[in-house]
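Have a look at the structure below before the remarks.
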Amino acid sequence: MQRGELVTIEQHILALQSLHPGATGEFTSLLYDIALATKVIAREVNRAGLGNILGWAGLENIQGEAVRKLDVLANETIIRMNEPTGRVCVMASEEAEEVIPAHPRGKYVLIFDPLDGSSNIDYNVSIGTIFAIYRRKSLSGVGILADCLQPGKDLLAAGYVVYGSSTMLVYSTGSGVFGFTLDPSVGEFLLSHSQVQMPAPQYYSVNHANLRRWTRGVQEYVRWLRGDGEGAPKLSERYIGSMVADFHRNLLAGGVFLYPGEVNKPQGKLRLLYEAAPLGFLAQQAGGRASTGLQDILSITPTSLHQRVPVFIGDRELVATAEAMIRQHDLARTS
Ligand code: AHG
Ligand code: MN
Ligand code: MN
C-alpha cells in the first residue's frame, strides 16, 4: 500500500474476491453487509450517552445475563441487515437462545456476538462486535443448527469491530489479518493495518479476582506471567474486561489473554462459537494460537450454540507454557 493511498474495505474485499476465480461476489457482499451493520452500531455506540439507549433493557438473555439496550440494538441491527439479503441461510447470536433461520438460498452461516464487553457500555470503555462466517453444510432450505456447529478450523472468515478511541474493523478470510479504521467524516473503513503479525509479547491480560477459583496449574502460570520463576517473561498487565479490546491490544502489541476455567466451573465464561473460535482464527492468522489449556480451540467441534470454553489466546510460546503448566500440575494430579 503506497503512502497516502486510500483503500476502502469494499475495495479490499473485492481485491480478495479476485483471488478466488469461482467467487460469485456473494461472500464479498456478505462481508460488506457486516461492515455496514457495524457502522450503524458504531454510530449508536458513539452517541449512546445522548439517547436513552444506555442502561438495562429489562431483559435477560439465554446466559442469564441482564441485557443492555445497546446489546439489543446491535443484535437487531445485524439481524435486520443480513436476514433479507439471501446470502445467509441461518444465523446464531449470543442474544438468541436458538438459531435464527434466514434465507433458503443462503450459502453462508453468520454467527456473532453483537456487543462484546457489555459490562463496560455505561462507562465509556471500549466494546466490540465479533463475527464468524462458515459455508453452509445442509444441502438446501433454510439453515439449521448443524450448519452452526462447525469447528473454527473450517471458518471462511472471522473478524471483529472494536468501538474505542477510533472504530476499527479487523478481519481475515484466511490470507492474513487486515485492519480498517473508520473515517467518520466519509463513513468509510480505510485500510490501516495490512498482514498483521503479533509482535513479541508485552502484556498479559486476566481478571485476577478469580485467582482463588483457578486450578493449581493456572495459578502457577499466572504467577509465572507476573515474573516469578525460571525463565519468566517481563510483561505488563492490562485488563479491560472486553475480550475484543483485550485481544486487539495483544494482536498489535503482543501478549496473551486468558479467561481460564475454574475448579467448579471448568468451562469458564467465554463462548466458543462467537468469542473463542473467531478470535482464535485471527490469532492463528497473525502467528499466534488459541487453546483451552488442553486442546487447540480451532479443533473443537461445538455440541451446542452457547457452549463455553476456557481461553488462552495470543503469543504461541506463552500459550504453550500455559498448556505445559496445566499438564504438569492439573493432569498429573487427576491421572
Ligand atoms: P459479553 O459482553 O459479550 O457477554 O462478553 C463479556 C466477556 C468478554 O468480553 C470479557 O473478556 C469477559 O466477559 C469479562 O468477564 P469478567 O468481567 O468476568 O472479567
Ligand atoms: Mn462477548
Ligand atoms: Mn455480547
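Where a number appears in this text, it was derived from the coordinates with a stated rule and is not lab data. Predicted, not measured: the structure shown is a model, and the values here were computed from it. Note that each Cβ is placed from the backbone with ideal geometry, even for glycine, and that neighbours are counted across all protein chains shown.
For Thr167, nonlocal amide neighbours, meaning residues 5 or more places apart or on other chains whose placed amide H falls under 5 Å from its own, are Leu182. Seen against the Cα atoms of the chain and their longest principal axis, helix 26-46 is set at about 70 degrees. To test your reading of the geometry: what angle, between 0 and 90 degrees and rounded to tens, separates the Cα axis of helix 69-82 from the longest principal axis of the chain? In the chain, helix 69-82 runs at an angle near 50 degrees to the longest axis.
Where Lys and Arg each count +1 and Asp and Glu each count -1, what net charge lies around Ser138 among other residues with Cβ under 13 Å from its Cβ? So the environment of Ser138 carries a net charge of +4. Helix content alone sets the calculated 222 nm mean residue ellipticity of the chain: runs of n ≥ 4 DSSP H residues at -39500 (n - 2.57) each, divided across all residues, give -8000 deg cm²/dmol. Each Cα pair under 8 Å and six or more residues apart adds its separation to the average, and for segment 9-193 the resulting relative contact order is 15 percent. Under a 5 Å amide H cut-off, with hydrogens placed 1.01 Å from N, Glu188 pairs with Asp183 among residues at least 5 apart or on other chains. Treat each spin label as a single point 7 Å out from the Cα along the C-beta direction, and report the Arg105 to Leu6 distance in nm. Going by the 7 Å Cα→Cβ label model, 3.4 nm. Each peptide in 116-123, 11-18, 36-43 was scored by the mean count of other Cβ atoms within 10 Å over its residues; highest first, the order is 36-43, 116-123, 11-18. In the chain, the longest principal axis of the Cα atoms and the axis of helix 216-225 are about 80 degrees apart. Peptide packing: for 198-205, 22-29, the average count of neighbouring Cβ atoms within 10 Å per residue gives the ranking 198-205, 22-29, highest mean first.
Annotated for the chain: lysine pairs at least 8 residues apart or interchain, Cα distance under 20 Å, count 4.
Take the Cβ-Cβ distance between Val40 and Tyr239 as r, set R0 to 25 Å, and report the resulting FRET efficiency rounded to the nearest 0.05. According to the calculation, E is roughly 0.30.
Comparing Pro114, Pro21, Pro151 in a Gaussian network model of the chain (Cα springs below 10 Å), the most mobile by mean-square fluctuation is Pro21. The H on the amide N of Val311, modeled in the peptide plane, is under 5 Å from the matching H of Tyr259, Gly261, each at least 5 residues off or on a different chain.
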